[in-house]
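This report concerns only the one structure given below.
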2 protein chains.
Amino acid sequence: MRWLAEVHVRLRPGIADPEGQTIAGGLRSLGFDSVGEVRAGKLLRLSFEAADREAAEGAVSSMCRQLLANPVMETADWELRADEEPPDEEEA
Amino acid sequence: MRWLAEVHVRLRPGIADPEGQTIAGGLRSLGFDSVGEVRAGKLLRLSFEAADREAAEGAVSSMCRQLLANPVMETADWELRADEEPPDEEEA
C-alpha cells in the first residue's frame, strides 16, 4: 500500500535562522513594517510503500531520525495519508 | 492585532527538484527502497500586524507574490491564525 507523507522540518526555538532573518528584512524593506520574527523550515513530500498505517508512521519517523531532520537543531512532524494515485506517474 | 502565518511554498509539478532527488537517493541508500518521488519545499512561519482576518489574508497573499514565492516555479498556500502571544518575546 502506497503512502504520501508531508514532513515539516522546523528549527528548534533559539537556533539562529539566517534565512528567516533575511526574509524578514526583505519583507520589511518592501513595506511590511510590522513583520516580526520569520522562521524558515523545510516542507518535504514523499511517497513510499508500507503495509499499514502503523508501519508507515514507523517508516517516516525513522526517515526523519536518519536523514530528514537534524535532531540537535530541528524538529519534525508529519501528516500521512494513503496515496490513491499510482506512483511515478510523471516519470515519462 | 497580531497574526501568525504558516506559508507552504511548493515547486510546481514538472519543475526539476534536485534537492528532492538527492533526498530520495539518500533515503533509498538507507534502505527505504520503496521511496518514490520526493519534492522539497519551504515552510515559513511569520508574524505581523493586521486589522482583521481579511487584511491579514491580503497581506500574506501580497508577501507571497512579492517575495516569498516565485510564481513561475512555485505555488504558495498558508494557514493564518490570530497570535495570542506577545511578539518579540525571545529578543532578550
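Rolling a 1.4 Å probe across the protein heavy atoms gives chain A an accessible surface of 56 Å² per residue.
Tell me: how much accessible area in total is hidden between A and B, 1.4 Å probe, Å², nearest 100? Can you show the working numbers first?
Numbers: alone 6570 and 6560 Å², together 10250 Å².
The summed interface area works out to 2900 Å².
Across the identical copies, the 7 Å label point of A:Ile15, projected outward along Cα→Cβ, sits 2.4 nm from its counterparts, in ascending order. With the label put 7 angstrom out from Cα along the Cα-to-Cβ vector, B:Ser61 ends up 4.1 nm from the copy partners, going from closest to farthest. Take B:Val72, move 7 Å from Cα toward the beta carbon, and the resulting point lies 3.9 nm from the same point in each other copy, nearest first.
The alpha carbon radius of gyration of the protein assembly as shown, expressed as a multiple of 2.2 N^0.38 Å, is 1.11.
Cα-based values for segment A:37-82, radius of gyration first and Dmax second, are 12.0, 41 Å. Only the Cβ atoms of Lys and Arg (+1) and of Asp and Glu (-1) were treated as charged; on that basis the dipole of segment B:2-86 about its Cα centre amounts to roughly 320 debye.
Report the convex hull volume per residue for chain B, counting only C-alpha atoms, in Å³. Write out the running numbers ahead of the final one.
Values: hull volume 13.4 nm³, N = 92.
Hull volume over Cα atoms, normalised by residue count, gives 145 Å³.
Rolling a 1.4 angstrom probe over segment A:35-78 with all protein chains present gives an accessible area of which 53% lies on carbon and sulfur atoms. Measuring from the axis that maps chain B onto chain A, the chain B residue with the nearest beta carbon and its rounded distance in angstrom come out as B:Leu43, 2.
The values are calculated or read from the model by the stated rules, or taken from the named source; none is laboratory data. In this text the structure is predicted, and so the values were computed from the model without any measurement. Backbone-built Cβ (ideal geometry, glycine too); neighbour counts: all protein chains shown. Note: accessible area is taken over every heavy atom of the protein model, side chains too, but ligands, DNA and RNA are not part of it. Shrake-Rupley method; radii C 1.70, N 1.55, O 1.52, S 1.80 Å.
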